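Peer 1: Input: one structure, supplied below.
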Amino acid sequence: MAAGISRIRLPLVLAAIIGMVASGGATLGTGKDLDPNSDADWLGVIAGDDAGSETELAAEMAELFASHPPFRVVPVPGDSGLKNISRLLNDPHIDAGFVSTDVLTDAKTQSSFANLSDKLQVVARLCPQEVHVLARADINSLADLAGKEVNFGPAGGSSAVTATILFRALNIEVEPVALDGRAAIEQLTQGAIAASVVVGAKPMPMVAGIPANQGLHLLPIAFGGGLDAIYLPTGFDHDDYPNLIEMETEIPSVATGLVLLAAASKDDPGHADRVAQLVDTLFSRFGELKKDGRHPKWREINLAASLPGWTRTPAAEAWLAQHPNEDARKGVQAKIEAGAAQSNLPVGQNQRDVLFKQYIEWQRAKGH
């Protein structure tokens with residue numbers, strides 16, 4: 001291992017480190033302070049909350065490093081939003097992180113972090129994340145939510161940003177509340193709120209775990225009405241959420257994106273080497289994440305996909321240049337992921353129509 005990678009030793013009890021790093025308030029000492037007998041260096045990856053699909057993806061990604069004792073990836077709880085961006089830029093214990101593409105293009109983000117595209121770089125553009133709108137049985141459409149309390153999630157998080165964009169685009173005024181996902185489901189079942197917006201890669205365990213007799217269901221989100229310029233069309237069916245959706249029924253929805261980012265530079269000479277090690281292992285062993293038993297969203301990721309307006313980390317750029325044929329799915333999907341959604345650049349109607357047709361063809365080819 002390059003000498004620059006070494007930073008802090010990872011103790012045998014991972015939970016202790018995760019708790020200290022997640023709190024943001026603890027100052028971690030040298031490796032000897034933590035565990036003089038451990039020879040494993042570590043890299044912090046900030047993800048989502050404990051119920052988020054980002055956390056599951058981060059944990060599975062970390063497993064790639066479990067058999068390589070000199071290096072460990074430690075998933076850290078986050079919000080896939082403004083908190084993650086701040087920690088990526090300012091926390092010496094965080095080298096990479098998951099961020100929603102909605103958050104990256106949101107005006108509030110851009111005003112809070114000047115020149116953000118110069119400060120963060122893309123490790124990999126990840127999977128689409130579906131927008132779930134859970135509602136009580138008496139709510140049949142998004143329009144029915146007008147004037148009612150709807151959970152957007154904690155302020156600054158990916159769900160809150162997406163929910164704000166969604167209802168603004170549809171010109172539906174609701175009363176936002178800021179609960180975490182599990183608390184929102186409890187409030188829904190008690191009738192205290194009308195709906196909750198949850199953004200995450202399907203199937204989300206938190207949503208899949210809702211019993212069939214709870215009186216909750218997923219609302220349809222029609223692709224169009226201004227959403228076609230922002231999101232990708234998608235949907236849910238019985239296989240995704242058997243407790244909530246009947247057989248041979250599909251509920252339309254839309255999807256935003258998810259990206260794994262790293263700071264372009266940090267006041268830490270080992271940062272670039274740690275990110276390079278992350279890229280080399282993740283990209284070289286990416287096929288392992290597509291196997292049965294892993295989150296199905298890994299199979300929708302194309303490592304060659306870019307994010308318009310953003311640059312890749314030098315390590316990712318170099319790896320892709322050295323392995324031009326590693327990912328066979330560079331046709332339709334790469335074009336869609338590169339330009340259909342979350343771009344800072346204007347997309348003409350003709351281009352959107354072509355991308356939409358390509359997306360449908362790709363979905364059909366995958367058997368969706």
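Peer 1: Over all directions, average the projected area of the Cα convex hull of the stretch 197-284 and note it in nm². Let's see the in-between values first.
Peer 2: On the way: hull surface 36.9 nm².
Reported value for the Cα convex hull: 9.2 nm².
Peer 1: Still on this structure, please answer the following. Go from 0 up to the bin containing the longest alpha carbon distance in the stretch 72-195, width 10 Å each, and give me the % of pairs per bin.
Peer 2: Result, from short to long distances: 12, 39, 30, 16, 3 percent.
Peer 1: Another one. Can you tell me the FRET efficiency between residue 149 and residue 66 if r is taken as the Cβ-Cβ distance and R0 is 45 Å, rounded to the nearest 0.05? Intermediate values should be presented prior to the final figure.
Peer 2: Numbers: r = 43 Å, r/R0 = 0.96.
According to the calculation, E is roughly 0.55.
Peer 1: Taking 0.36 nm per intervening residue step and subtracting the Cα-Cα distance, what contour gain separates residue 285 from residue 117 on full extension?
Peer 2: Working: separation 168, 0.36 × 168 = 60.48 nm, distance 2.77 nm.
Answer, rounded to one decimal: 57.7 nm.
Peer 1: Can you tell me how much longer the chain between residue 322 and residue 50 gets when fully stretched, taken as 0.36 nm per residue apart minus their C-alpha distance, in nm with one decimal? Show your work: numbers first, answer last.
Peer 2: Working: separation 272, 0.36 × 272 = 97.92 nm, distance 3.62 nm.
Full extension of this stretch gives 94.3 nm more.
Peer 1: Taking amide H positions as placed 1.01 Å from N in the peptide plane, with prolines and chain starts having none, which residues 5 or more places from residue 240, or on another chain, fall under 5 Å of its amide H?
Peer 2: Under 5 Å from the amide H of residue 240: no residue qualifies.
Peer 1: Rounded to a whole number, what % of the accessible area of the stretch 79-136 do carbon and sulfur atoms account for, probe 1.4 Å? Don't jump to the answer; show the numbers that get you there.
Peer 2: Details: 760 of 1620 Å².
Accessible surface attributable to carbon and sulfur in the stretch 79-136 totals 47 percent.
Peer 1: Quick one: which residues, 5+ away or cross-chain, put their amide H under 5 Å from the amide H of residue 124? H built at 1.01 Å from N.
Peer 2: 260
Peer 1: Between residue 182 and residue 169, how many nm apart are label points set 7 Å from Cα along the C-beta direction?
Peer 2: Roughly 3.1 nm, to one decimal.
Peer 1: Give me a comma-separated list of calculated 3J(HN,Hα) values for the stretch 281-292, in order, Karplus coefficients 6.51, -1.76, 1.60 applied at θ = phi - 60°, integers in Hz, x for any Gly or Pro.
Peer 2: 6, 4, 6, 5, 10, 4, x, 5, 6, 8, 6, 4
Peer 1: Compute the FRET efficiency between residue 267 and residue 213 as 1/(1 + (r/R0)^6), taking r as their Cβ-Cβ distance and R0 = 45 Å, and round to the nearest 0.05. Write out the running numbers ahead of the final one.
Peer 2: Working: r = 54 Å, r/R0 = 1.20.
Taking R0 as 45 Å, the efficiency between residue 267 and residue 213 is 0.25.
Peer 1: Around residue 178, what is the net charge, scoring Lys/Arg as +1 and Asp/Glu as -1 over all other residues with Cβ under 12 Å from its Cβ?
Peer 2: On the way: positive: none; negative: 79, 149, 175, 180.
Computed value for this residue: -4.
The values are calculated or read from the model by the stated rules, or taken from the named source; none is laboratory data. The structure presented is a predicted model; accordingly, all values stated were derived computationally and were not measured. As a convention, Cβ positions derive from the backbone with ideal geometry for all residues, glycine included, and neighbour counts pool all protein chains shown. Ligands, DNA and RNA are excluded from the accessible area calculation, which covers all protein heavy atoms including side chains. Shrake-Rupley method; radii C 1.70, N 1.55, O 1.52, S 1.80 Å.
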